[in-house]
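K.L.:
Following this message is one structure expressed as structure tokens.
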Amino acid sequence: MENPKRGRPVQYDREQALQRASDVFWSVGFAATSLDALSEATQMTRPSLAGAFGDKEALYIEALKRYRDAGVDAMKSTLSGQRSFRKELADVLCNATDVYMASADAARGCLLIGTASVEAVHRPSVRNMLKESLGAFNAVLEERIRQAIADAELDPDADAAGLAAVTSAIMHSLAVRARAGETRHALDELSGAAIDLICRKRPPEHQE
């Protein structure tokens, strides 16, 4: 009689497993997440997890990549250029805040900012993922800001790269403040102030 096969189960949903693993990492961080907790959350045995994703760090990187890719796609969809830049930027910040405060328990903020920034100091693979992810978000923002400049929604001499970095910094602050327990009203007030700062258009110096 043949021995039963071990490793990844026949019925295996990679996306579902990554989502469940992400929830665990997001709630308690990488270091505090045990393989037993991941096994229980994903409903996969530890050998099955190893067969599917490798070690815990490799699984974490996959979870971060999935989160990053979904966030970039959502941002591209919102910053489509079909509406005013101000309106699209407002929706980007609102949607981000929705994600940061989505947990039924305490707000978890951003998976990348809340967990990867802690591990990046000692884990090169996490640091690279974090750097690449921040760069990916900045690139989407910068492209849309350049369009806003070309469409005369922003000053012609506006610094697109600088404004993209400022927008990212605001999103990071929203994530941290959400995790710290600030109210939705306070976060929306911050977003509104940021939009006014980023979208302001100086009047001409000389008017006829």
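The values are calculated or read from the model by the stated rules, or taken from the named source; none is laboratory data. As the structure is a computational prediction, the values presented were derived from the model and not from experiment. FYI the Cβ positions are ideal-geometry reconstructions off the backbone, even for glycines, and counts take in every protein chain you see.
K.L.:
What are the residue pairs meeting all of these: first residue in the stretch 7-32, first residue under 17 Å from Asp55 (Cα atoms) and of a type in the set (Ser, Thr, Tyr), second residue at pLDDT 95 or above and buried (at least 17 other Cβ atoms within 10 Å of the Cβ), Cβ atoms under 8 Å, and 6 or more apart or on different chains?
P.N.:
If the second residue must be at pLDDT 95 or above and buried (at least 17 other Cβ atoms within 10 Å of the Cβ), the pairs left are Ser22/Ala63; Ser22/Arg66; Ser22/Tyr67; Ser22/Leu111.
K.L.:
Looking only at residues in the stretch 80-104 that are part of a loop (DSSP other than H, G, I, E, B) and touching a residue at least 24 places away in the same chain (Cβ under 8 Å), which one is farthest from Asp188 (Cα to Cα)? First the steps, then the outcome.
P.N.:
Here is the first cut: in the stretch 80-104, the ones part of a loop (DSSP other than H, G, I, E, B) are 80-84, 101-104.
Among the residues that remain, those that are also touching a residue at least 24 places away in the same chain (Cβ under 8 Å) are: 81, 84, 101, 103.
Working: Gly81: 23, Ser84: 19, Met101: 12, Ser103: 18 Å.
That would be Gly81.
K.L.:
Scan the stretch 182-202 for residues that are closer than 17 Å to Ala96 by Cα and of a type outside the set (A, V, I, L, M) and report the count.
P.N.:
Residues meeting the conditions: 8.
K.L.:
Can you tell me which residue is surrounded by the fewest Cβ atoms within 10 Å (Cβ to Cβ) among those in the stretch 105-120 that are small (Gly, Ala, Ser) and either outside any helix (DSSP H, G or I) or in contact with a strand residue (DSSP E or B) (Cβ under 9 Å, 6 or more places away or on another chain) (or both)? Step through it out loud before you land on a result.
P.N.:
If we filter the stretch 105-120 for residues that are small (Gly, Ala, Ser), which is where we start, we get 106-107, 109, 114, 116-117, 120.
Remaining after also requiring either outside any helix (DSSP H, G or I) or in contact with a strand residue (DSSP E or B) (Cβ under 9 Å, 6 or more places away or on another chain) (or both): 106-107, 109, 120.
Numbers: Ala106: 12, Ala107: 21, Gly109: 22, Ala120: 17.
Across the stretch 105-120, the extreme among qualifying residues is Ala106.
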